[in-house]
Amino acid sequence: EELKQKKKRAVAVRGKPGTGRSRNDVPNNILFVENIPTSLDAKIAHDMVSELFGPYEGLQGVRIVPGQGVAFVAYANAQQAETALNGPQGFKISPECFLALSYVRKE
(Lines give C-alpha, C1' and ligand atoms only; values in the text may rest on other atoms or scores of the structure.)
Protein backbone atom coordinates (compact mmCIF):
# COMPACT_ATOMS: atom_id res chain seq x y z
CA GLU A 1 0.00 0.00 0.00
CA GLU A 2 2.83 2.40 0.85
CA LEU A 3 4.49 1.64 -2.50
CA LYS A 4 1.23 2.49 -4.31
CA GLN A 5 1.04 5.84 -2.50
CA LYS A 6 4.65 6.67 -3.41
CA LYS A 7 3.95 5.83 -7.05
CA LYS A 8 0.83 8.05 -7.04
CA ARG A 9 2.82 10.95 -5.60
CA ALA A 10 5.57 10.47 -8.20
CA VAL A 11 3.04 10.50 -11.03
CA ALA A 12 1.34 13.59 -9.62
CA VAL A 13 4.67 15.44 -9.34
CA ARG A 14 5.78 14.39 -12.83
CA GLY A 15 2.51 15.68 -14.26
CA LYS A 16 2.51 19.15 -12.73
CA PRO A 17 2.13 22.05 -15.17
CA GLY A 18 5.17 22.78 -17.27
CA THR A 19 6.84 19.40 -16.75
CA GLY A 20 5.36 17.35 -19.59
CA ARG A 21 7.56 18.65 -22.41
CA SER A 22 10.78 17.57 -20.71
CA ARG A 23 10.33 14.04 -22.09
CA ASN A 24 10.61 14.87 -25.78
CA ASP A 25 10.83 18.29 -27.42
CA VAL A 26 11.24 17.04 -31.01
CA PRO A 27 8.09 18.19 -32.84
CA ASN A 28 5.84 15.46 -34.14
CA ASN A 29 2.22 15.23 -35.25
CA ILE A 30 1.41 12.75 -32.47
CA LEU A 31 1.17 13.74 -28.81
CA PHE A 32 1.76 11.46 -25.84
CA VAL A 33 -0.67 12.15 -22.98
CA GLU A 34 0.17 10.87 -19.48
CA ASN A 35 -1.53 10.83 -16.08
CA ILE A 36 -5.00 9.80 -17.23
CA PRO A 37 -6.57 8.13 -14.19
CA THR A 38 -6.40 4.37 -14.66
CA SER A 39 -9.64 4.05 -12.74
CA LEU A 40 -11.53 5.53 -15.71
CA ASP A 41 -13.28 3.20 -18.13
CA ALA A 42 -11.47 3.23 -21.51
CA LYS A 43 -14.55 4.64 -23.30
CA ILE A 44 -14.90 7.45 -20.76
CA ALA A 45 -11.17 8.23 -20.97
CA HIS A 46 -11.37 8.27 -24.78
CA ASP A 47 -14.35 10.63 -24.73
CA MET A 48 -12.65 12.91 -22.19
CA VAL A 49 -9.39 13.14 -24.15
CA SER A 50 -11.28 13.59 -27.44
CA GLU A 51 -13.31 16.43 -25.95
CA LEU A 52 -10.21 18.08 -24.50
CA PHE A 53 -8.23 17.96 -27.76
CA GLY A 54 -11.16 18.28 -30.20
CA PRO A 55 -11.22 22.09 -30.33
CA TYR A 56 -7.67 22.16 -31.74
CA GLU A 57 -7.60 22.11 -35.54
CA GLY A 58 -6.38 19.00 -37.34
CA LEU A 59 -7.32 16.30 -34.81
CA GLN A 60 -7.19 12.95 -36.60
CA GLY A 61 -7.67 10.50 -33.75
CA VAL A 62 -7.26 9.52 -30.13
CA ARG A 63 -5.99 6.14 -28.93
CA ILE A 64 -6.23 5.21 -25.25
CA VAL A 65 -4.01 2.49 -23.81
CA PRO A 66 -6.41 0.77 -21.38
CA GLY A 67 -5.18 0.46 -17.81
CA GLN A 68 -1.95 2.38 -18.48
CA GLY A 69 -3.11 5.95 -17.96
CA VAL A 70 -1.77 7.12 -21.31
CA ALA A 71 -3.11 8.10 -24.72
CA PHE A 72 -1.87 9.05 -28.16
CA VAL A 73 -3.45 12.03 -29.91
CA ALA A 74 -2.78 12.40 -33.64
CA TYR A 75 -2.94 15.64 -35.62
CA ALA A 76 -2.61 16.29 -39.35
CA ASN A 77 0.78 17.99 -38.92
CA ALA A 78 3.37 18.96 -36.30
CA GLN A 79 2.28 22.62 -36.18
CA GLN A 80 -1.27 21.66 -35.25
CA ALA A 81 0.07 19.22 -32.66
CA GLU A 82 2.24 21.97 -31.16
CA THR A 83 -0.79 24.23 -30.77
CA ALA A 84 -2.66 21.41 -29.04
CA LEU A 85 0.35 20.57 -26.87
CA ASN A 86 0.50 24.09 -25.49
CA GLY A 87 -3.24 24.28 -24.74
CA PRO A 88 -4.12 21.63 -22.14
CA GLN A 89 -0.59 21.12 -20.75
CA GLY A 90 -1.04 20.61 -17.02
CA PHE A 91 -4.83 20.28 -17.28
CA LYS A 92 -6.10 19.21 -13.86
CA ILE A 93 -7.83 15.82 -14.09
CA SER A 94 -8.27 15.54 -10.34
CA PRO A 95 -7.00 17.55 -7.34
CA GLU A 96 -3.71 15.61 -7.37
CA CYS A 97 -3.38 14.68 -11.04
CA PHE A 98 -2.31 16.93 -13.92
CA LEU A 99 -2.01 15.88 -17.56
CA ALA A 100 1.54 15.71 -18.84
CA LEU A 101 1.93 16.13 -22.61
CA SER A 102 4.88 15.53 -24.89
CA TYR A 103 5.57 14.57 -28.48
CA VAL A 104 5.82 10.90 -29.38
CA ARG A 105 9.45 10.05 -30.05
CA LYS A 106 10.40 9.51 -33.68
CA GLU A 107 12.52 6.44 -34.16
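The values are calculated or read from the model by the stated rules, or taken from the named source; none is laboratory data. Model, not experiment: these values are computed from the prediction. Here Cβ is always computed from backbone atoms with ideal geometry, including for glycine, and neighbour counts include all displayed protein chains. Surface areas here come from the heavy atoms of the whole protein model, side chains and all, with no ligands, DNA or RNA. Shrake-Rupley method; radii C 1.70, N 1.55, O 1.52, S 1.80 Å.
What the table below lists for this structure:
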{"item": "Among residues of region 88-107, those that are touching a residue at least 60 places away in the same chain (Cβ under 8 Å) and either surrounded by 16 or more Cβ atoms within 10 Å (Cβ to Cβ) or at positive phi (or both), counted", "result": "10"}
{"item": "Total residues in region 78-107, condition closer than 11 Å to ILE30 by Cβ, in a loop (DSSP other than H, G, I, E, B) and not aliphatic (A, V, I, L, M)", "result": "2"}
{"item": "Meets criteria (farther than 16 Å from ARG105 by Cβ, part of a strand (DSSP E or B) and at pLDDT 90 or above) for ILE44", "result": "no"}
{"item": "So PRO17, is it modelled with pLDDT under 55, closer than 21 Å to THR83 by Cα and open to solvent by 30 Å² or more (accessible area, probe 1.4 Å)", "result": "yes"}
{"item": "Those residues of region 56-66 which are within 13 Å of the chain's Cα centre (by Cα) and open to solvent by less than 60 Å² (accessible area, probe 1.4 Å), in sequence order", "result": "VAL62, ILE64, VAL65"}
{"item": "Checklist (1) at pLDDT 90 or above; (2) assigned to a helix (DSSP H, G or I); (3) hydrophobic (A, V, I, L, M, F, W, C) applied to VAL73, failing item", "result": "(2)"}
{"item": "Residue match in region 31-39 (condition: under 16 Å from GLY90 (Cα atoms), out of contact with any strand residue (DSSP E or B) (no Cβ under 8 Å at 6 or more places or on another chain) and at pLDDT 90 or above)", "result": "no"}
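Here is a yes/no grid of residues against (1) out of contact with any helix residue (DSSP H, G or I) (no Cβ under 7 Å at 6 or more places or on another chain); (2) closer than 10 Å to VAL33 by Cα:
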residue: GLN60; (1), (2): yes, no
residue: ALA71; (1), (2): no, yes
residue: TYR75; (1), (2): no, no
residue: ILE93; (1), (2): yes, no
residue: GLU96; (1), (2): no, no
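Yes/no per residue for (1) touching a residue at least 12 places away in the same chain (Cβ under 8 Å); (2) open to solvent by 50 Å² or more (accessible area, probe 1.4 Å):
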| site | (1), (2) |
| --- | --- |
| PRO37 | yes, no |
| ALA42 | yes, no |
| GLY54 | no, no |
| ASN86 | no, yes |
